1. Of the numbered conditions (1) more than 16 Å from T274 (Cβ to Cβ); (2) under 24 Å from the mean Cα position of the chain (by Cα); (3) of a type in the set (A, V, I, L, M), I286 satisfies every one except a single condition; which is it?
2. From the list Q335, Q260, which residue is open to solvent by 10 Å² or more (accessible area, probe 1.4 Å), under 23 Å from the mean Cα position of the chain (by Cα) and free of Cβ contacts under 8 Å to residues at least 24 places away in the same chain?
3. Restricting to strands (runs of 3 or more DSSP E) lying wholly in segment 254-358: which have 2 or more residues that are modelled with pLDDT of 95 or more, closer than 30 Å to S29 by Cα and hydrophobic (A, V, I, L, M, F, W, C)?
4. Please specify each residue of segment 175-222 satisfying the condition of being open to solvent by 50 Å² or more (accessible area, probe 1.4 Å) and not in a loop (DSSP other than H, G, I, E, B).
5. For segment 106-127, does any single residue satisfy the condition of being among the β-branched types (V, I, T), within 26 Å of A210 (Cα to Cα) and surrounded by 20 or more Cβ atoms within 10 Å (Cβ to Cβ)?
6. Looking only at segment 264-295, which residues are within 28 Å of L212 (Cα to Cα), out of contact with any Phe, Trp or Tyr (no Cβ under 7 Å at 6 or more places or on another chain) and surrounded by fewer than 22 Cβ atoms within 10 Å (Cβ to Cβ)?
7. Residues that are at pLDDT 95 or above and within 22 Å of N147 (Cβ to Cβ): list the strands (runs of 3 or more DSSP E) wholly contained in segment 22-107 that include at least 3 such residues.
Amino acid sequence: MTATKNLETLGCLGQVTLEGDMVRLKGWSASWGGGPVLDFRINIGGLDVPQFRVEKGLISQDVQQLFPSLDHADQARFLIYIPLTWIQQTGLLNSLVRLTPVFASGEGDVLFGFLEPSLPVPEKSDRVGVGGSFKFVAADFLGHFVNKANLQPAEAVLDAGCGVGRIAYGLAYYLNSQASYHGFDIVPHWIDWCQQVISATRPNFHFQCADLYSDRYNPTGKTPAENFVFPYPNNQFDFVLLTSVFTHLYADASRNYLQQIARVLKPGGRCLCTFFLLNEETESLIKSGRSSRNFAYAVGESFIDDPDNPEDAIAHPEALVMDWINDAGLSVQRQDYGMWCRRSRSASYQDMLVLSKN
């Protein structure tokens, strides 16, 4: 079977577990316009898996309910079984799993998971503080970085707003020893955890605390986000990521962050970031009552969803954001709208942009 090109697909590798004498992979995958999954390619720890058993086309009414426009969404689930003896012989425990679904007209996006990872996760209270679903989100966003922004294992990466290391967790299994990772956040004990747990085993992973003011996360911070200078030199990074950062920043801070991203990116470098973007479609969905957020309250050029907790979710007009991006010397390479407003076709909850430095 010869795959010709990547299709637009969705899916997840929800579980990687040891069961008796097998490693079991459980998840789902479906495409827009590519028909059902026909086969899989599996790579664990850099080695292709030579033999495995697949059960595909399993009932998935939950997937169909969430993504009704996907082909065969009602039969998107799969189970894959890999002999544990092969895993043990190759010493592949504590490894990254890459699963590529193959359709009749091409390969789908790679799905990622972790086989018996040795890195621990933070306490539950800290995981909830960044939205929960720690390993799932780590693997999901790793997929976005690779599939949408072509992140390479040896690149220099900046994680702006790294939280308690949820994104760094996935990158720790993907980036190699030639890569560099830097992350900053405004919550000191989150940075302490990242330094003590991730940096302890990945010496090329560096974390630092930024004393930024945030009414929600750091009310004693000294520097407003609109004046913050990223603590890195010009042209240092190949890839900058901001997951659920702009969705908590007001307009002036967002403009400043885009300028800082452009400054620290190398020429040709990329940035993957998420927003809540307001446009004609979102306004229509909000008015219809379908959207999960209304963004009914204007604060300058920004719109908030909850006046009692304004930094919980902040949106901006899409046309305005595009102007800020252009003014910063960046350009949009890819745009994937999110499902936050109950679109029928979307790739993630928030709107996702891939930018490049001109």
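1. Tallying (1) more than 16 Å from T274 (Cβ to Cβ); (2) under 24 Å from the mean Cα position of the chain (by Cα); (3) of a type in the set (A, V, I, L, M), I286 fails exactly one: (2).
2. On the way: Q260 fails: free of Cβ contacts under 8 Å to residues at least 24 places away in the same chain.
Criteria check complete, one pass: Q335.
3. On the way: elements: 265-275, 297-299, 302-304, 314-317, 330-336, 351-357.
Per the criteria, 265-275, 351-357.
4. Of all residues in segment 175-222, those open to solvent by 50 Å² or more (accessible area, probe 1.4 Å) come to 176-178, 188-189, 192, 195-196, 200-201, 203, 206, 208-209, 211, 213, 215-217, 219-220, 222.
Answer for segment 175-222, where residues must be open to solvent by 50 Å² or more (accessible area, probe 1.4 Å) and not in a loop (DSSP other than H, G, I, E, B): P188, H189, D192, Q195, Q196, A200, T201, H206, Q208, C209.
5. Taking every residue of segment 106-127 in turn, none turns out to be among the β-branched types (V, I, T), within 26 Å of A210 (Cα to Cα) and surrounded by 20 or more Cβ atoms within 10 Å (Cβ to Cβ).
6. Residues satisfying the conditions are P267, N294.
7. Details: elements: 22-31, 39-44, 53-58, 77-83, 95-103.
Where strands (runs of 3 or more DSSP E) fall fully within segment 22-107 and carry at least 3 residues being at pLDDT 95 or above and within 22 Å of N147 (Cβ to Cβ), they are 22-31, 39-44, 77-83, 95-103.
Conditions (1) more than 15 Å from the chain's Cα centre (by Cα); (2) open to solvent by 70 Å² or more (accessible area, probe 1.4 Å); (3) farther than 23 Å from L92 by Cβ, marked per residue:
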{"site": "F136", "(1), (2), (3)": "no, yes, no"}
{"site": "A149", "(1), (2), (3)": "no, no, yes"}
{"site": "V157", "(1), (2), (3)": "no, no, yes"}
{"site": "Y173", "(1), (2), (3)": "no, no, no"}
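The values are calculated or read from the model by the stated rules, or taken from the named source; none is laboratory data. This is a predicted model, so every value here is computed, not measured. Neighbour counts run over all protein chains shown; Cβ positions are idealised from the backbone, glycine included. Surface accessibility is based on the protein's heavy atoms, side chains included, excluding ligands, DNA and RNA. Shrake-Rupley method; radii C 1.70, N 1.55, O 1.52, S 1.80 Å.
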